[in-house]
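Each remark here refers to the structure printed beneath this line.
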Amino acid sequence: MDARQLKIAAAQAALGHVENGMRLGIGTGSTADEFVRLLAEKVADGFQIQGVPTSERTARLCVELGVPLYSLDDLPELDLTIDGADEVDASLGLIKGGGGALLREKIVAAASARMIVIADESKLVDTLGRFPLPIEVAPFGLAATRIAVERLASRLGLSGDLVQRPDKDGAYLTDGGHFILDASFGRIPDAEALANGLAAIPGVVEHGLFLNMADAAIIASEHGARTLLAKNKQE
């Protein structure tokens, strides 16, 4: 199977966890897009859900395909979120934010009773960090925030380029109007220490380390889709 077929396979398996009438967080990214397309087919056949999108991109696709949407203020407590990931480790720690929606993705995931991640097997890693870590930052004080992140990385024995994400018209802006610094740290031996350190930097709005949030990960390969459960999690 090619890359898109693997994404469709993971999305199809995840759809089996969505029940009629659910309040559903809907993720962002190429794999989440495939989930939206499959979900829209069920909705067209009469399946009912209340969807909360994690980005303007996802919202546009849902509107185009007829998936009913609500805001998180309308539905502040969700039953389930289905979202993709840029990396997944054995404990279901994640790196997310390659699509720039990490802040809304984390808010929606935290508001959900369960989170299921969908990905192809190329996203599995032994240790997080192969994919550059997105760090969403406030435009004000960008230079000071960058220095603080670099100092934190140094204390944790991490190094690598810290690059402001570009866009075709200049600096990339998230849906919330923030910049993103992509940190190519390589292996992150202590993701929890890095997550806590980043959260303590005032200019950091959010980071792409999603730790202890995913309940399950559906991983697709040419041999089919398999489900990995987080420790102490039961479906």
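Principal semi-axes of the equivalent ellipsoid, √(5λ) from the alpha carbon gyration tensor of segment 102-235, are 28, 17, 15 Å from largest down. Accessible-area rank, largest first, for D45, D83, D167: D45, D167, D83, with all protein chains present and a 1.4 angstrom probe. Note on segment 73-162: along the principal axes its Cα atoms extend 39, 34, 20 Å, ordered by decreasing extent. DSSP assigns beta bridges within the chain; of those with both partners inside it, close to 55 percent run antiparallel. Distance between the pseudo-spin-label points of R155 and L124 (7 Å out from Cα toward the beta carbon): 3.6 nm.
In whole angstrom, segment 141-189 maps to an equivalent ellipsoid with semi-axes of 23, 12, 9, each derived as √(5λ) from the alpha carbon gyration tensor and ordered largest first. In loop segments of segment 75-134 as defined by DSSP, the GluC sites (Glu not before Pro) with at most 15 further C-beta atoms inside 10 Å of their C-beta are E77. Estimate the FRET efficiency between N196 and E41 by the formula 1/(1 + (r/R0)^6), using the beta-carbon distance for r and 41 Å for R0, to the nearest 0.05. Given R0 = 41 Å and the Cβ-Cβ separation, E is 0.45.
Summing Lys and Arg as +1 and Asp and Glu as -1 over all other residues whose Cβ lies under 13 Å from the Cβ of E105 gives a net charge of -2. Expressed as a whole percentage, what fraction of the accessible surface of segment 96-235 belongs to carbon and sulfur atoms when a 1.4 Å probe is rolled over the protein heavy atoms? Ligands and nucleic acids excluded, carbon and sulfur reach 50 percent. Taking all C-alpha pairs of segment 1-139, those more than 19 Å from each other amount to 48 percent.
Across segment 25-38, rounded Karplus estimates of 3J(HN,Hα) from the backbone phi angles (6.51 cos²θ - 1.76 cosθ + 1.60, θ = phi - 60°) give x, 10, x, 10, x, 5, 6, 5, 4, 5, 4, 4, 5, 5 Hz, Gly and Pro being marked x. Taking trypsin sites (Lys or Arg not before Pro) as exposed when DSSP calls them loop and at most 10 other C-beta atoms lie within 10 angstrom, the chain has its longest site-free stretch at 1-167. Here the Karplus curve 6.51 cos²θ - 1.76 cosθ + 1.60, taken at θ = phi - 60°, turns the phi angles of segment 153-168 into couplings of 4, 4, 5, 8, x, 9, 8, x, 5, 10, 10, 6, 5, x, 10, 5 Hz, with x standing for Gly and Pro.
Highest GNM mean-square fluctuation among A171, A183, A217, for the chain modelled with Cα contacts below 10 Å: A171.
Based on C-alpha pairs under 8 angstrom that are at least 6 apart in sequence, segment 140-235 has a relative contact order of 22 percent. Proximity of backbone amide H atoms, modeled 1.01 Å from N, is registered between F131 and no other residue at under 5 Å, excluding neighbours fewer than 5 places apart on the same chain.
The slack in the chain from N20 to D175, taken as 0.36 nm per residue of separation less the alpha-carbon distance, amounts to 52.8 nm. With the convex hull of the Cα atoms taken as the outline of segment 120-159, the averaged projected area works out to 3.8 nm². A DSSP coil position with no more than 13 other Cβ atoms inside 10 Å describes the following chymotrypsin sites (Phe, Trp or Tyr not before Pro) in segment 140-180: F140.
On the beta carbon distance between Y70 and N212, with R0 = 25 Å, the FRET formula returns roughly 0.40. Coupling constants for segment 220-226 follow from the phi torsions by the Karplus curve (6.51 cos²θ - 1.76 cosθ + 1.60, θ = phi - 60°), and in residue order they are 9, 9, 5, 8, x, 9, 10 Hz; glycine and proline get x. If you run the Gaussian network model on the chain, springs between alpha carbon atoms under 10 Å, then out of A14, A90, A143 the most flexible one is A143.
For segment 46-169, the solvent-accessible area of protein heavy atoms averages 47 Å² per residue (probe radius 1.4 Å; ligands and nucleic acids excluded).
The values are calculated or read from the model by the stated rules, or taken from the named source; none is laboratory data. If you're wondering where the values come from, they're calculated on a predicted model, not measured in any experiment. Note that we place each Cβ from the backbone using ideal geometry, even for glycine, and neighbour counts take in every protein chain shown. To get the accessible areas, we keep the full protein, side chains included, count just its heavy atoms, and leave off ligands, DNA and RNA. Shrake-Rupley method; radii C 1.70, N 1.55, O 1.52, S 1.80 Å.
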